[in-house]
Structures are given as C-alpha cells and as structure tokens.
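J.: This is the structure, below, for whatever I ask next.
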Amino acid sequence: MKPDTLGESYRHYLHHADLRSIHTLSAYARSIDLFFQYLADRNFDSQLPIQQTFLTTAEEIELEDFSQADQPIFLNFAQWLQAPSSRQSGDKRPYARATVELRVAGVLHWFQYMDTQRWLPDPYWLHHANHVLREYWRDHQTKREKQIDPVPDLNAVVMFFDTQPMPPAIRAATDPSRPELWETKRLRNRALLHALAETGGRVSEILSLNADTFSKISQGKSEAMQLTVIGKGRHQHVLHLHATLPAIYDYLKAREANDEWRSSIPLFISHDPRYRGSRMSRIVAWRVVHRAAKALGLPDISPQDFRHWRALQLIHSGYTPEQVQEYLGHRSVETIRSFYLAGEEE
C-alpha cells in the first residue's frame, strides 16, 4: 500500500529497505531524523514550499505535495547541517563536511527507495534535486578549497590501536572470552588503520579484501603484496601492501585461534556473535577511525582522510602526479593536480 506521508514512508523504509547491517540502518535512521528536524526548523533562512504544508510535525508532509520548487531540498539540508547550532538540547551543528555528506547520503538513499517504489509525484524530481546539490558543491569550491590539507597528527591515529591498553573491566572479567574478543577486535582495528594509511585505498576497496588472499603471509613467503581491486566506477587498480602485512598476520592469527571466526571469508569482519563474521560495513570502519581520533582529541577524521594523507606523503616523497594517480587508482591525473598541486602550480 502506497504511503501518503513522509512519516509513513520512513517507517516502511526502515522495515523493508535492503540495508546491509544494523549499523547502516542506525546511521540512515539518524540521517532521516536530522532531516525531519531540518524540515521543522522554522527559523532557518531558506524555507521551501514543502515546509509550509504541515501544522505540527514534519512527518505529516504528504508525498504528493513535493513540487519543482522543492528541488533545492537536499542542498538546503546540507546547508542547515553546516549552520550554527540553535543552542537547543541535542543540536550539535555545525557538522564537518564529511559528516554532512554522510547524512545527506542517508536521506538520498531513502528518497531513492521512494523513487524506486514510484511514490514521488514526478519521476524526474529526485534526479533534478540531486543535481542541484551536486552542482552547487562543485561551483562553490574555490581552488583553495579543492586542495586537500594534511590531517594533523594522522600518524598518531594510525598507531592508536598498536598500543591501546585493555580496559581494566575487560582485563578483570571472569569470562576469559571477553579479553580474547577485545584483543581480536583491537588487532582488527589496528590492521584496518594501517591498511588505509599505507595503501591510500578507498574504504570500500579495503573492506572488499578476503582472508584467503593473505595465506602466504603465515608461511613467511610474502614481503610485499600488490592486490587488484575494483574501485570507483568499476575501475580496477592495485593496492600496495608491505608495512601493513605484519598487522594483518597478527589479526588473522588471532582469528584462527577461534573456531567461530576461522571460516569467515572477508578479511575485516564483525566480531559480534549476532552477525557471525559478516564483512565489516563502512559505517563500522568509520566508527573505528572516529574512535581513535576522538581518543586523541582530534577533529572529525574519516577513512577518506587517510587517502588524502597518503597522496600528500607520496607527493612530498617525489612521486610524479602520474605515479600518484596510478597508486591511488584515480582515472585522471587532473584529479591529483587540482586537489593536491593547485597551489604549487600558481
């Protein structure tokens, strides 16, 4: 049965959409909750016609009321997320750009679901609304903004799980499986951060790796590895692993000691018994990075920041733009020049 309102659509989406894990579900639900807060904020400067159609809560908005005049809605939501806080309880704005993109992506996934179900009034509405957002972000970036600055103390983030102490409560647990599980997770997180930092790979590429690829490590036969992965736009490129391999080996050794995780195919897995060794989600990977950065008192660090950091390391080491392009798997060398070398070429 077709829902009439945003609220009904939201509840249907949470129960029926194909969301990969409970972590993805939680992240998208948080994104949509923020979207409802944005719609209900009468004090925000950029009000759209759709925001004048309800009396009490934004969940009452009827799907058939969306019009062409509401196509800036995703752009306005992104601007609202970056606006100063209203000082109300729970309002944590402004959010960092990486968080804004994550929240907008969650709302877009919901609208794409509605579009697939043909619940939106105009079949081209979503396409144009998304285009408005992307064009604005592209057109309002200056050369300086397009340059990627190094993240401060990122090496400390990479090394965080190498020396992370076990919490006293875990160490004192009477159940010996609790310290073992904590240590396995620590080794997993350590290997993940080292892999992100050394390869400069996208988080989806790192999470696509499988455990059996690294069987040679345990036999001491591999000092370096080049692994072909499918990147953005189905583009193939090679991940280079060397210094990270001991961390991966330590993690796999800890997994092999436990029958519950031994047979899992993915390299990076969930160690929550509810998910039985399923492949780690991007949301969980982001949380691992965020946890390390937060513990070190650093700002909002995302897995993508390791990619930028690695690119700058290569450039400062004397790599040509073409070599950096190949290492990171970009399709065009112009991406390297515009993001990392624009200021140097002026």
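J.: With n ≥ 4 as the cut-off for DSSP H runs, can you work out [θ] at 222 nm for the chain, using -39500 (n - 2.57) per run divided by the number of residues, rounded to the nearest 500?
T.: -15500 deg cm²/dmol
J.: How would you rank 56-69, 306-319, highest first, on the average number of other Cβ atoms within 10 Å across their residues?
T.: So the order, starting with the most tightly packed, is 306-319, 56-69.
J.: Counting pairs on different chains as well as pairs 8 or more places apart, how many Lys pairs in the chain have Cα atoms under 23 Å apart?
T.: 7
J.: Quick one: check the C-alpha center-to-center distance for the stretch 81-136 versus the stretch 1-61, whole angstrom.
T.: 10
J.: While we're on this one: In whole Å, what are the extents of the stretch 1-80 along the principal axes defined by its C-alpha atoms, from largest to smallest?
T.: So the three principal-axis extents are 36, 29, 23 Å.
J.: Moving on to the next point. Compute the long axis of helix 245-256 from its Cα atoms, compare it with the longest principal axis of the Cα atoms of the chain, and write down the angle in degrees, 0 to 90, nearest 10.
T.: With rounding to tens, the tilt is 90 degrees.
J.: Could you list Thr228, Thr244, Thr320, Thr174 in order of exposure, starting from the residue whose Cβ has the fewest other Cβ atoms within 10 Å?
T.: Thr174, Thr228, Thr320, Thr244
J.: Over all directions, the average projected area of the alpha-carbon convex hull for the stretch 154-308 comes to how many nm²?
T.: 9.6
J.: While we're looking at this one, here's another question. With no solvent and one equal point scatterer placed on each C-alpha of the stretch 62-133, evaluate the Debye formula and give log10 I(q)/I(0) for q = 0.16, 0.26 Å⁻¹, two decimals.
T.: Values, matching the q order: -0.62, -1.15.
J.: Could you work out the Kirkwood radius for the stretch 6-140, taking every pair of different alpha carbons, averaging 1/r and inverting it, reported in Å?
T.: For the stretch 6-140, inverting the mean 1/r across all distinct Cα pairs yields 15.3 Å.
J.: Can you give me the Cα centroid spacing of the stretch 274-340 and the stretch 154-208 in angstrom?
T.: Using only Cα atoms to place each centre, the spacing works out to 17 Å.
J.: Which of Gln71, Gln236, Gln304 moves the most in a Gaussian network model of the chain with Cα springs under 10 Å?
T.: Gln236
J.: Please compute P(r) over all alpha-carbon pairs of the chain, binned at 20 Å starting from zero, and give each bin as a whole-number percent.
T.: P(r) over the chain, rounded to whole percents: 25, 53, 21, 0.
J.: Between 0 and 90 degrees, rounded to the nearest ten: what's the tilt of helix 125-139 against the longest Cα principal axis of the chain?
T.: That helix lies at roughly 60 degrees to the long axis.
We did not get these values from a lab; they are worked out from the coordinates using the rules stated. Quick caveat, the model's predicted, so the values are computed rather than measured. A quick note on method: Cβ atoms are made from the backbone with ideal geometry, for glycine too, and the neighbour counts reach across all protein chains shown.
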